[in-house]
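The structure appears below as structure tokens.
The values are calculated or read from the model by the stated rules, or taken from the named source; none is laboratory data. What you see is a predicted model, and the numbers here were worked out from it, not measured in a lab. Glycine gets a Cβ as well: all are built from the backbone with ideal geometry, and neighbour counts include every protein chain shown. Heavy atoms of the whole protein, side chains included, go into the accessibility calculation; ligands, DNA and RNA do not. Shrake-Rupley method; radii C 1.70, N 1.55, O 1.52, S 1.80 Å.
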Amino acid sequence: MTVAPNAPSLSVATAFSAVYGVIEKQRSGCIVVGAMGLRKLSPVAQALDTACGGALIALLKGGDLGVAVGATAVLYRPAGLACERVLLVNVGKASELDARNYRKATQGAMQRLKDTGVTDVVWCLGEAEVKRCTMDWRVEQTVLAYGDAYYRFDQTKSEVTTKESDRSVGLRSFKWQVVGRAQKEVAQKALNRGASIIAGMRLARDLGNLPGNLCTPTTLADTAMYLAESHGLSVEVLERMDLERLGMGSFLSVARGSDEPPKFIVLRYQGADASQRPIVLVGKGITFDAGGISLKPAAEMDEMKYDMCGAASVLGALQAAAELALPLNVVVLIPTCENLPSGRANKPGDIVASMSGQTIEILNTDAEGRLILCDALTYAERFNPACVVDVATLTGACVIALGHVASGVLGNDDALVADLLKAGETAADPCWKLPLFEEYQEQLKSNFADMANIGGRAGGTITAAAFLSRFAKKYRWAHLDIAGTAWKSGKDKGSTGRPVPLLVHFLANQVGR
Ligand code: BES
Ligand code: MN
Ligand code: ZN
């Protein structure tokens, strides 16, 4: 088994470029063009059809293209064209071409490309008008669909299996054909952003998919150091002794139940003047959550290796911000440890003192995310942040409330929450707001400490955020609960890389990019 957890794939080897030229003369492995339903070829497809003597129309008439949006048909070595193949995609009726159908068509085309095994592509779906969608949105979504279709995780499979399972490693070159020369620059920018987002997602996905024995707190710290080296960031990893000195009693109480040493990662990207207040991103880094003494049931417990997806996503977002050279300062904070039962683990009823001085009665050791995040939120104060956003697979209740479609968002600043909602919408990585009324705080009352770490079954996602809000009083703060969106279960089990797209859009929007 070849496992390289310290050096996850950090950049995509694919070259993304915007091109403008005569399509019939394009030499490439494959040209991708659209058909609007089963009767109408797009303008580019028509031009190709004319050049190859009506072979594309013949394909339509012959019934080779499926009726569904995203259905595809391939023409091999069409006479009269310089390309090896033409891939025809059904984008559906022009009057129904909206964001959803464009993504469906794109995903279908990407899947077919992958199965075909070509290595260079000219993509001509850019000519279609998509309702309420700008060209740069379409370009970026296409790159994201590429990242999704071609992502594979085989670090932990033996070579034999890997070779059999999949021969497609990715495209060497992806060319986006623009309709007018003037669009080239905009398209190229969107391609670059998309490329950085999928590289960030890939990093997040790789880390998420690695099992708990291979992705430990030390692995996350090594990854942060590797990122710092490769992207010119500054990094500091605080060890147990440092955390003791800082008084992070809440974080340390969780870490104590495990033999793996805890780490507290501080990774900084400086893209603007040092005087500019940074945006602080905090990621929950529980590399395995067994629940502790409040042990989780056995079914699907393996999925708790994904309990560090918040940490992975802020690393991925920071990598993208650095690659895009966004003119802002970002600090990533990652408290990371395991949550296991042991003779030294937290017990229900234990009371710990957080770094803020507030004491916490631990009524359920499985509500450990908030226990490690609260100390990180206090630590964030020293950066005089412009705002703080924490990202965490925090509550099963969030999966019940929002399913696997939207992440939850809550915070103490409506403008910040609105920024995150907007970023999620444009990135097609949505989040949805839940209320954080003062009344919810009552559920956290403890007879013995300043607060309890759980608030009962009612409003579980909200009371978790209410707990965190007590440590985020000194700055603008928002919390993303990604318990339902960070990974998929079942036969498609795997990390999604969310909410890297949302975070990158959020950061870029802060500086008008
Ligand atoms: N990591 C879990 C949250 C989780 C559970 C995410 C299932 C995705 C799927 C978190 O640490 C946890 O265990 N939360 C508890 C809190 C409860 C004890 C108040 C939960 O949601 O059950
Ligand atoms: Mn837990
Ligand atoms: Zn957890």
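Summary of computed values
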read-out: Only one of Leu87, Leu75, Leu48, Leu59 that is at pLDDT below 95 and either of a type outside the set (Lys, Arg) or closer than 30 Å to Cys133 by Cβ (or both); value: Leu59
read-out: Hits in region 252-289 (condition: within 14 Å of ligand 2 (Cβ to nearest atom), assigned to a loop (DSSP other than H, G, I, E, B) and within 15 Å of Ala224 (Cα to Cα)); value: Lys284
read-out: Search result, residues across region 146-182 that are in a loop (DSSP other than H, G, I, E, B), at pLDDT below 90 and hydrophobic (A, V, I, L, M, F, W, C); value: Val169
read-out: Near pairs, Cβ below 6 angstrom, 6+ apart or cross-chain, from region 233-260 (open to solvent by 60 Å² or more (accessible area, probe 1.4 Å)) to any residue that is outside any loop (DSSP other than H, G, I, E, B); value: Ser234/Arg268; Glu236/Val266
read-out: Pairs where the first residue, in region 330-357, is of a type in the set (Lys, Arg) and the second is open to solvent by 20 Å² or more (accessible area, probe 1.4 Å), C-beta under 9 Å, 6+ apart; value: Arg344/Arg256; Lys347/Ile293
read-out: Residue in region 194-214 that is over 20 Å from the mean Cα position of the chain (by Cα), surrounded by 24 or more Cβ atoms within 10 Å (Cβ to Cβ) and in contact (Cβ under 8 Å) with a residue 24 or more places away in the chain present; value: no
read-out: Per-region count, region 439-482, residues open to solvent by 60 Å² or more (accessible area, probe 1.4 Å) and either under 19 Å from Asp375 (Cβ atoms) or modelled with pLDDT under 95 (or both); value: 3
read-out: Residue within region 50-65 that is out of contact with any strand residue (DSSP E or B) (no Cβ under 9 Å at 6 or more places or on another chain) and basic (Lys, Arg) present; value: yes
read-out: Members of region 290-300 that are out of contact with any helix residue (DSSP H, G or I) (no Cβ under 8 Å at 6 or more places or on another chain), open to solvent by 40 Å² or more (accessible area, probe 1.4 Å) and within 11 Å of ligand 2 (Cβ to nearest atom); value: Leu295
read-out: Scan of region 333-390 for residues that are surrounded by fewer than 17 Cβ atoms within 10 Å (Cβ to Cβ), of a type in the set (Gly, Ala, Ser) and either modelled with pLDDT under 95 or within 16 Å of ligand 1 (Cβ to nearest atom) (or both), ordered by number; value: Gly349
read-out: Region 297-326 residues that are in contact (Cβ under 8 Å) with a residue 12 or more places away in the chain, paired with ones that are among the acidic types (Asp, Glu) and within 16 Å of ligand 1 (Cβ to nearest atom) (beta carbon under 8 Å, 6 or more apart); value: Met304/Asp289; Asp307/Asp289; Gly310/Asp390
